[in-house]
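Report on the structure given below.
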Amino acid sequence: MTHKQKLEILIDRVVKEGGSDLHITEERLPFIRVDGSLIPLTSTEVSTKEDLLGFLDELLTPQNKEKFLEKKEIDFSYSDTGSRFRGNGFFHQGLMSIALRLIPKQIKTLEELNLPPILKKFTEIQQGFFLVVGPVGQGKSTTLAAMIEIINQERNEHIVTIEDPVEYLYEPKKSIIDQREVGVDTVDFAVALRSMFRQDVDVALIGEMRGAETISTAVTAAETGHLVFSTLHTNTAAQTIDRIIDSFPAAQQDQIRTQLAGSLTGILSQRLIPRVSGGMIPAYELLINNNAVSNLIREKRTYEINSIIETGSQLGMLSLNRSLADLVRRGEVSIENARKYSLNVGALEKLV
């Protein structure tokens, strides 16, 4: 059996089992992640060094394979006839590993993703800065793809995505969509963002906020007539704002605080929770920027933002605990799983 055939069998297992990830490592059985849990593929053989090198021949160009063996890690995307993956190759204790994340070809709607309809409003504005945050593997890219697809279907805009690597592939509908991959189509995020100002862009999707320069340029773009979407690996809206501001030297923090207060439209923090009926369902916190929130950002009082979210339900805001409690009451998730994902279990218990 060729390495291509072996890889196709593993990918087929991920798709048929409804998995999200595939892990292949030298001297170990392959694993897939299904509904958040890792499962060993005991019907397959332990992967050898030759297997890994063969898989890399299928997944990477010769230049990228050489780069991986030299640098010891690489991000990449991979498509076969039926599936698309975001991948990472890395070494551990001298052994090669490959992690592949399945990217569905069909972009789901907000309704299909069980996300709040109010998110559509953030796709209808002309300029601003919207963030989807949360730990790795919590569906941030999928949520942003759903929002970008709304714009693609409903507005005549020029959309540019800057990603590392490109994940969801969009079919242009009403909008023009240019997808740029870092390392392939542009040197890095910062360079691509600066170039965006000369490309007549209306909407930008930045795959990940990396460093002060990228954040500063993104916020400036939102101030100057662009609608900007991006992600951060933070846990809450308040923590996200603090992380952005703390990315800058002390002398620049007041300026970025003022810019953020004026350009931010909202922050969605989400977690994927195991569903009682199988699969995963999102719980989320939603912050909507208004005068009260802007003032807290400017006045260095971000610690009060959680209170604003708790009392802002009439405006569409929602705390993570209220989202979790609602899922428990509806029988979608167990109270045990809700407790695992809550950042304040005591407060959750009072709501259930």
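The values are calculated or read from the model by the stated rules, or taken from the named source; none is laboratory data. From a predicted model like this one, the values you see are computed outputs, not experimental measurements. Every residue, glycine as well, gets a Cβ built from its backbone with ideal geometry; the counts of neighbours run over all protein chains shown.
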Set Leu268, Leu205, Leu272: member being under 22 Å from Ser307 (Cα atoms), in a strand (DSSP E or B) and touching a residue at least 40 places away in the same chain (Cβ under 8 Å): Leu268
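Residues checked against (1) in contact (Cβ under 8 Å) with a residue 40 or more places away in the chain; (2) of a type in the set (A, V, I, L, M):
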{"residue": "Glu26", "(1), (2)": "yes, no"}
{"residue": "Leu41", "(1), (2)": "no, yes"}
{"residue": "Phe55", "(1), (2)": "yes, no"}
{"residue": "Leu59", "(1), (2)": "yes, yes"}
{"residue": "Lys65", "(1), (2)": "no, no"}
{"residue": "Lys71", "(1), (2)": "no, no"}
{"residue": "Tyr78", "(1), (2)": "no, no"}
{"residue": "Phe90", "(1), (2)": "no, no"}
{"residue": "Gln93", "(1), (2)": "no, no"}
Filter pass, Arg155 being among the basic types (Lys, Arg) and touching a strand residue (DSSP E or B) at 6+ places or on another chain (Cβ under 9 Å): yes
Filter pass, Glu124 being within 23 Å of Ala237 (Cβ to Cβ), surrounded by fewer than 22 Cβ atoms within 10 Å (Cβ to Cβ) and without any contact (Cβ under 8 Å) to a residue 60 or more places away in the chain: yes
Residue check for Glu111: acidic (Asp, Glu) and without any contact (Cβ under 8 Å) to a residue 12 or more places away in the chain: yes
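Results for (1) closer than 21 Å to Asp242 by Cα; (2) in the same structural domain as Leu260 (by TED's automatic domain parsing); (3) touching a Leu at 6+ places or on another chain (Cβ under 8 Å); (4) part of a strand (DSSP E or B), shown as yes or no for each residue.
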{"site": "Glu167", "(1), (2), (3), (4)": "no, yes, no, no"}
{"site": "Pro172", "(1), (2), (3), (4)": "no, yes, no, no"}
{"site": "Gln179", "(1), (2), (3), (4)": "no, yes, yes, yes"}
{"site": "Val184", "(1), (2), (3), (4)": "no, yes, no, no"}
{"site": "Val191", "(1), (2), (3), (4)": "no, yes, no, no"}
{"site": "Gln199", "(1), (2), (3), (4)": "no, yes, no, no"}
{"site": "Ala212", "(1), (2), (3), (4)": "yes, yes, no, no"}
{"site": "Ala218", "(1), (2), (3), (4)": "yes, yes, yes, no"}
Candidate set: region 243-294, residues that are within 17 Å of the chain's Cα centre (by Cα) and among the basic types (Lys, Arg); chosen: the one nearest to Ser230 (Cα to Cα): Arg243
Filtered residues of region 202-220 (kept if surrounded by fewer than 18 Cβ atoms within 10 Å (Cβ to Cβ) and of a type in the set (D, E, K, R)): Glu208, Arg210, Glu213
Per-region count, region 143-160, residues touching a Phe, Trp or Tyr at 6+ places or on another chain (Cβ under 8 Å) and not aliphatic (A, V, I, L, M): 2
Candidates Arg194, Arg257 - the one that is surrounded by fewer than 18 Cβ atoms within 10 Å (Cβ to Cβ) and without any contact (Cβ under 8 Å) to a residue 60 or more places away in the chain: Arg194
Search result, residues across region 49-69 that are modelled with pLDDT under 95 and either of a type in the set (Val, Ile, Thr) or loosely packed, with under 11 Cβ neighbours inside 10 Å (or both): Thr61, Pro62, Gln63
Where a residue in region 153-180 is modelled with pLDDT under 95 and its partner, wherever it lies, is among the hydroxyl-bearing types (Ser, Thr, Tyr) and assigned to a helix (DSSP H, G or I), with Cβ under 6 Å and at least six apart: Glu167/Ser141
Region 301-352 - residue that is touching a helix residue (DSSP H, G or I) at 6+ places or on another chain (Cβ under 8 Å) and of a type in the set (S, T, N, Q) and, of those, nearest to Ser37 (Cα to Cα): Ser334
Listing of strands (runs of 3 or more DSSP E) fully contained in region 82-145 that carry 3 or more residues being over 30 Å from Ala261 (Cα atoms) and not basic (Lys, Arg): 84-92, 95-103
